[in-house]
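Report on the following structure.
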């Protein structure tokens, strides 16, 4: 399935731990915008191989907040590094040298280099399956969209070429938004 549903956008999700504010940063390629009124997106943290929840899900359920940072080609290596399974509570921001910046509306920080970041409050979680391989669909209402002016086009809207976002293909492969074509409708 993951080798054929491609390309998939990447949600680089930042959260904080409720008990001490420790930061967490992890990528998820089951991700999509799903509604405009209200603006809602979703991402899917699968359970760990031992069947337990990942830190991202635990943090979101405890704090009810998260940030989805969009990943440009220049951030690909750092994003990939943050997929490592670190001990509970160890910060991927700190471990992999990813600079953070305060968010405007939620406690979790944003990735400073992200050209687009969506600050979200938890809408709901739908659990699909249990144990290893089980998934958790996290729905978040977007409270604030942070968009770097440098990626805006002539009409004031984000320009895909300037965003230079990457998508997940199967295995270790990724793609960019630089290669595009148009079909008139």
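The values are calculated or read from the model by the stated rules, or taken from the named source; none is laboratory data. Not measured: the values here are computed from a predicted model. Neighbour counts are summed over all protein chains in view; Cβ atoms, including those assigned to glycine, are modelled from backbone coordinates with ideal geometry.
Tell me, please, whether a residue that is farther than 16 Å from residue 167 by Cα, part of a helix (DSSP H, G or I) and in contact with a strand residue (DSSP E or B) (Cβ under 8 Å, 6 or more places away or on another chain) can be found in the stretch 42-56.
Yes, the stretch 42-56 has at least one match.
Identify all residues within the stretch 21-66 that are surrounded by fewer than 17 Cβ atoms within 10 Å (Cβ to Cβ), at pLDDT 95 or above and within 23 Å of residue 101 (Cβ to Cβ); write none if there are none.
Within the stretch 21-66, 33, 39, 62, 64 qualify.
Hey, can you tell me all the residues within the stretch 120-139 that are part of a strand (DSSP E or B) and farther than 15 Å from residue 107 by Cα?
To start, the set of residues in the stretch 120-139 that are part of a strand (DSSP E or B) comprises 120-128, 135-139.
Result: 123, 124, 125, 126, 127, 128, 135, 136, 137, 138, 139.
So residue 114 clears everything in (1) outside any loop (DSSP other than H, G, I, E, B); (2) in contact with a helix residue (DSSP H, G or I) (Cβ under 9 Å, 6 or more places away or on another chain) except one condition, right? Which one?
Checking residue 114 against (1) outside any loop (DSSP other than H, G, I, E, B); (2) in contact with a helix residue (DSSP H, G or I) (Cβ under 9 Å, 6 or more places away or on another chain), the one that fails is (1).
Suppose we keep only residues that are touching a residue at least 40 places away in the same chain (Cβ under 8 Å) and assigned to a loop (DSSP other than H, G, I, E, B) within the stretch 140-172. Which one would you say is surrounded by the fewest Cβ atoms within 10 Å (Cβ to Cβ)?
Among them, the one singled out is 171.
Please enumerate the residues belonging to the stretch 2-20 that are under 10 Å from the mean Cα position of the chain (by Cα) and either loosely packed, with under 13 Cβ neighbours inside 10 Å or not in a strand (DSSP E or B) (or both).
Hit for the stretch 2-20 is 10, nothing else.
Tell me which residues, restricted to the stretch 115-139, are free of Cβ contacts under 8 Å to residues at least 40 places away in the same chain and surrounded by 15 or more Cβ atoms within 10 Å (Cβ to Cβ).
The answer is none; no residue qualifies.
Under the condition of being in a helix (DSSP H, G or I) and in contact (Cβ under 8 Å) with a residue 60 or more places away in the chain, which residue from the stretch 92-111 is surrounded by the most Cβ atoms within 10 Å (Cβ to Cβ)? First the steps, then the outcome.
Going residue by residue through the stretch 92-111, those that are in a helix (DSSP H, G or I) are 92-95.
Subsequent filtering for residues that are in contact (Cβ under 8 Å) with a residue 60 or more places away in the chain retains 92-94.
Numbers: 92: 23, 93: 19, 94: 13.
Residue satisfying both the conditions and the ranking: 92.
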